Amino acid sequence: MALKNEGPIVAHLERSVVKIEKARLTGPQTDINVNGSLALDTQSPLNFSVDAQTNLALLRDFSREIYSSGSVMVNTTVRGTFADPTA
């Protein structure tokens, strides 16, 4: 199973913060969307969202020793700092 960009990933860097406007990866039975901001220093906050539906067979692409099946749905927002993140 391979993931691919569904259109361009749109992000920019401003004052040590990466702002992700659009990032979407797709594959068979997989759709992952990410947006928000990630700080490159510890003083700026994290504020990003992940909305994903994926086939767990994707894990086999990382290691052939993993056997997995089924699907998972994730919808989360991470805020705070790298030192103290909150989901």
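Quick notes on this structure:
- Count - residues of the range 45-68 that are buried (at least 16 other Cβ atoms within 10 Å of the Cβ) and among the polar types (S, T, N, Q): 3
- Those residues of the range 32-61 which are of a type outside the set (A, V, I, L, M, F, W, C), part of a strand (DSSP E or B) and at negative phi, in sequence order: Asn33, Asn35, Ser37, Asn47, Ser49, Asp51, Gln53, Thr54, Asn55
- Residue in the range 51-83 that is modelled with the highest pLDDT, counting only those that are in contact with a Gly (Cβ under 9 Å, 6 or more places away or on another chain) and hydrophobic (A, V, I, L, M, F, W, C): Val78
- Subset of the range 62-87 [more than 13 Å from Ala39 (Cα to Cα) and in a strand (DSSP E or B)]: Ser71, Val72, Met73, Val74, Asn75, Thr76, Thr77, Thr86
- Leading residue by the ranking (farthest from Val74 (Cα to Cα)) among those in the range 3-34 that are in contact with a strand residue (DSSP E or B) (Cβ under 6 Å, 6 or more places away or on another chain) and of a type in the set (Gly, Ala, Ser): Ala11
- For the range 6-19, a tally of residues being touching a Leu at 6+ places or on another chain (Cβ under 8 Å) and within 21 Å of Leu58 (Cβ to Cβ) returns 1.
- Test for Ala57: is it over 17 Å from the mean Cα position of the chain (by Cα), over 27 Å from Ala83 (Cα atoms) and of a type outside the set (Val, Ile, Thr): yes
- For the range 48-67, the condition holds for no residue, the condition being that it is touching a residue at least 24 places away in the same chain (Cβ under 8 Å), in contact with a Phe, Trp or Tyr (Cβ under 7 Å, 6 or more places away or on another chain) and hydrophobic (A, V, I, L, M, F, W, C).
- Residue count for the range 16-39, restricted to those that are more than 12 Å from Gln53 (Cα to Cα), more than 13 Å from the chain's Cα centre (by Cα) and in contact (Cβ under 8 Å) with a residue 24 or more places away in the chain: 3.
The values are calculated or read from the model by the stated rules, or taken from the named source; none is laboratory data. None of these values were measured; they are calculated from a predicted model. Every residue, glycine as well, gets a Cβ built from its backbone with ideal geometry; the counts of neighbours run over all protein chains shown.
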